[in-house]
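**Q** Sharing a structure, written as structure tokens. Questions coming.
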Amino acid sequence: MAHYRSIFISDIHLGTKFSKAELLLEFLRDNESDNLYLVGDIIDGWAIKRKLRWPQSHSDVIQKILRKARKGTTVYFVTGNHDEFLRPFLPLILGDRLFVGNEFDYVSEEGKRYYVAHGDFFDSITMTKKWIAVIGDYGYDTLLHLNNILQIFRKMLGVRKHWSLSKYVKDNVKKSVSFINDFEGVLAKYANHKGYDGVICGHIHKAEIKKIKETDYYNCGDWVESCTAVVETLEGEWKMIEWAIKP
């Protein structure tokens, strides 16, 4: 059982077919922390409006998080664009150790100050052209469906290594790469302008730990494809954890 000062996860998308809730449960069982940050898109309200999918494993994730809060972990729930239905009720304090908000400050073991937000407020498409974002969400779902079909054929051919079509498109299509670079740059610039040492976010489903000029940029990734978490150890070291996806 590993123990961290803080764990940051985002983009679980509970309520969708593609949420890796079972893998997240494994991760939460095997990893403890003083603080747990849920960095947006935890519950997918957009998908639930289209069609409700809520298997027992999704309820188990919620129950596990609440159990951690009861047992001493301080939980911070950051809203994202997919769970924006919570935003009219913010800020919320649920008991002694569960806080819900659009953004939080985080001070590391070294004393660095980080801006924690989902990141959708810095996505011009989500904020100004929501209909395009919704269409893009359908397109992403289509790629995830194709992923599943391709994985079946790859298994039939004896190819065991996990490969993602949607990740390939995201990493290699010029417009997608440009959007990601712009998103990262805008967030890092905002954090720097506000006097933060770094930013911790989600939203684009691309896990990263890197420097953008003098600003630390940490993206938690997602629990739809990459199954990743950003953690700060008790000694103050930052790491990316990639939880195993079985082929």
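The values are calculated or read from the model by the stated rules, or taken from the named source; none is laboratory data. Computed from a predicted structure; not experimentally measured. Note that we place each Cβ from the backbone using ideal geometry, even for glycine, and neighbour counts take in every protein chain shown.
**Q** Yes or no: Ser6 of a type in the set (Ser, Thr, Tyr), surrounded by 19 or more Cβ atoms within 10 Å (Cβ to Cβ) and touching a Ser or Thr at 6+ places or on another chain (Cβ under 6 Å)?
**A** Working: of a type in the set (Ser, Thr, Tyr): yes; surrounded by 19 or more Cβ atoms within 10 Å (Cβ to Cβ): yes; touching a Ser or Thr at 6+ places or on another chain (Cβ under 6 Å): yes.
Against the criterion (of a type in the set (Ser, Thr, Tyr), surrounded by 19 or more Cβ atoms within 10 Å (Cβ to Cβ) and touching a Ser or Thr at 6+ places or on another chain (Cβ under 6 Å)), Ser6 qualifies.
**Q** For Leu234, indicate whether it is farther than 29 Å from Ile43 by Cβ and either at pLDDT 95 or above or under 18 Å from the mean Cα position of the chain (by Cα) (or both). Show your work before the answer.
**A** Working: farther than 29 Å from Ile43 by Cβ: yes; either at pLDDT 95 or above or under 18 Å from the mean Cα position of the chain (by Cα) (or both): yes.
Answer is yes for this residue.
**Q** So which pairs qualify, if the first residue must be in region 185-200 and among the aromatic types (Phe, Trp, Tyr), the second must be at pLDDT 95 or above and surrounded by 17 or more Cβ atoms within 10 Å (Cβ to Cβ), the Cβ gap must be under 8 Å, and the two must be at least 6 apart or on different chains?
**A** Close Cβ pairs (under 8 Å, with a partner that is at pLDDT 95 or above and surrounded by 17 or more Cβ atoms within 10 Å (Cβ to Cβ)) amount to Tyr190/Tyr115; Tyr190/Val199; Tyr196/Tyr114; Tyr196/Tyr115; Tyr196/Thr215.
**Q** If you don't mind, another one. Inside region 188-247, can you point out the residues that are charged (D, E, K, R) and part of a loop (DSSP other than H, G, I, E, B)?
**A** Lys194, Asp197, Lys206, Lys213, Glu214, Asp222, Glu225, Glu235, Glu237, Lys246
**Q** Do we find a residue being among the β-branched types (Val, Ile, Thr) and closer than 24 Å to Val199 by Cβ anywhere in region 43-59? Please lay out each step first, then the result.
**A** Filtering region 43-59 down to residues among the β-branched types (Val, Ile, Thr) leaves 43, 48.
Filter once more, so that each one left must be closer than 24 Å to Val199 by Cβ: 43.
Checked against the condition, which is being among the β-branched types (Val, Ile, Thr) and closer than 24 Å to Val199 by Cβ, region 43-59 yields at least one hit.
**Q** Of everything in region 20-55, what is over 14 Å from the mean Cα position of the chain (by Cα) and closer than 22 Å to Leu86 by Cα? Give them in sequence order.
**A** Within region 20-55, Asn35, Gly45, Trp46, Ala47, Ile48, Lys49, Arg50, Lys51, Leu52, Arg53, Trp54, Pro55 meet the criteria.
**Q** For the condition under 27 Å from Lys239 (Cβ atoms), modelled with pLDDT of 95 or more, surrounded by fewer than 18 Cβ atoms within 10 Å (Cβ to Cβ) and touching a Ser or Thr at 6+ places or on another chain (Cβ under 8 Å), what is the one hit in Leu25, Leu36, Leu66? Write out each step before concluding.
**A** Details: Leu36 fails: surrounded by fewer than 18 Cβ atoms within 10 Å (Cβ to Cβ); Leu66 fails: touching a Ser or Thr at 6+ places or on another chain (Cβ under 8 Å).
Exactly one residue qualifies, and that residue is Leu25.
**Q** With respect to Gly72, is the statement that it is over 18 Å from Val231 (Cα atoms) and part of a loop (DSSP other than H, G, I, E, B) true?
**A** no
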